[in-house]
Amino acid sequence: MPTALITGANRGIGLAVAQDLAKDHDLILAVRDPAKSAAIPRARVEKVDVSDPESIAAFATRVERPLDLLVNNAGVYTSPPRETWAVNVRGPLLLTRALAPKLAKGARVVMLTSGLGALSSQADSLVRKLRSPDLSFEDILALCDRPPGGYGASKAALNALTQLFARELPEARVNAVDPGWVRTDMGGPGAPRSIDQGAASVLWACRIPPDGPTGGLFRDGRAIPW
Ligand SMILES: NC(=O)c1ccc[n+]([C@@H]2O[C@H](COP(=O)([O-])OP(=O)(O)OC[C@H]3O[C@@H](n4cnc5c(N)ncnc54)[C@H](OP(=O)(O)O)[C@@H]3O)[C@@H](O)[C@H]2O)c1
């Protein structure tokens, strides 16, 4: 059975994605509070705070190879910018980099992004940086130290990170997925989409074939503008 790792799987979209993947994957659930994890068949629960580089590094040593799917789902919306970037950008960067040697050939990596990360909504200076052909992982880490905006800017940087990893890991399928506006704790009760609808958008990218797209941005299986 293939192995999937999902961050932030205690509630919301991450939990729904984990519950569906449990049908045909062994799971590693990377969560802040294992005591609050739902009982999911074949799931190993690991305590990880993705805002903490030491927590990520220690966790990565406990992950065995091969890993067939990595879902960088954990995210925060209303936190101060430094924490928002630590969770939404630096976490996926450090975790994906640490686990890259353990990814199976053809592994999928899925980044949970947002329509609020569209480049058309970002400051010109950030757009120029993120669009630079010379953009590097170190440039993105530097942005995390001095965040140039809040949630939307962090997701724009996550989209750029997705493209960097797609180039860095040509044998993997690395894509960003927008679940839409979803009725989770983050999205609130007024959001138009159910958790299952948001999760379905993510699960599409989790299950793309080995010759499927990489370095793309998708909602409900369709490419959307950066
Ligand atoms: N809901 C929407 O409308 C929407 C729209 C676009 C994109 N997204 C994205 O979809 C993803 C999931 O969102 P959601 O709506 O399911 O949010 P949610 O209900 O607020 O759940 C967020 C999850 O992330 C975890 N998390 C937060 N900080 C963490 C950290 N430092 N280390 C480890 N886990 C951490 C939380 O863990 P705890 O349970 O321990 O707090 C929780 O399990 C996020 O990346 C979000 O930005 C959501």
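The values are calculated or read from the model by the stated rules, or taken from the named source; none is laboratory data. Here the structure is a predicted model, which means the values were calculated and not measured. Glycine also receives a Cβ, built like all others from the backbone with ideal geometry; neighbour counts cover every protein chain displayed. In case anyone asks, the SASA skips ligands and DNA or RNA and just uses the protein heavy atoms, side chains included. Shrake-Rupley method; radii C 1.70, N 1.55, O 1.52, S 1.80 Å.
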Checklist line | Euclidean distance between Cα centres, the range 96-135 to the range 161-202, Å | finding: 12 Å
Checklist line | Under 5 Å, built H, 5+ apart or other chain: amide partners of ARG173 | finding: ALA107, ARG108, VAL109
Next item on the list: Under 1.5 on a/c is rounded, so check that first for the range 109-188, then, if it is not, pick prolate when a/b is larger than b/c and oblate when it is not; a ≥ b ≥ c are the square roots of the alpha carbon gyration tensor eigenvalues.
Entry: oblate
Margin query: If I compute solvent accessible area with a 1.4 Å probe over the protein chains, what percent of it on the chain is carbon and sulfur?
Written below: 52 percent
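Take the alpha carbon gyration tensor of the range 77-226, find the square roots of its eigenvalues, order them as a ≥ b ≥ c, and report rounded if a/c is under 1.5; if not, report prolate when a/b exceeds b/c, else oblate.
Oblate, because a/c is 1.5 or more while a/b does not exceed b/c.
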Next item on the list: Determine, from the Cβ-Cβ distance of LYS36 and ARG146 and an R0 of 30 Å, the FRET efficiency 1/(1 + (r/R0)^6), rounded to the nearest 0.05.
Entry: 0.35
Next item on the list: Report, in debye and to the nearest 20, how large the dipole of the range 152-226 comes out about its Cα centre when Lys and Arg carry +1 and Asp and Glu carry -1 on their Cβ.
Entry: 140 debye
Next item on the list: For the range 3-223, compute the number of Lys pairs whose alpha carbons are separated by less than 22 Å, excluding pairs fewer than 8 positions apart on the same chain.
Entry: 5
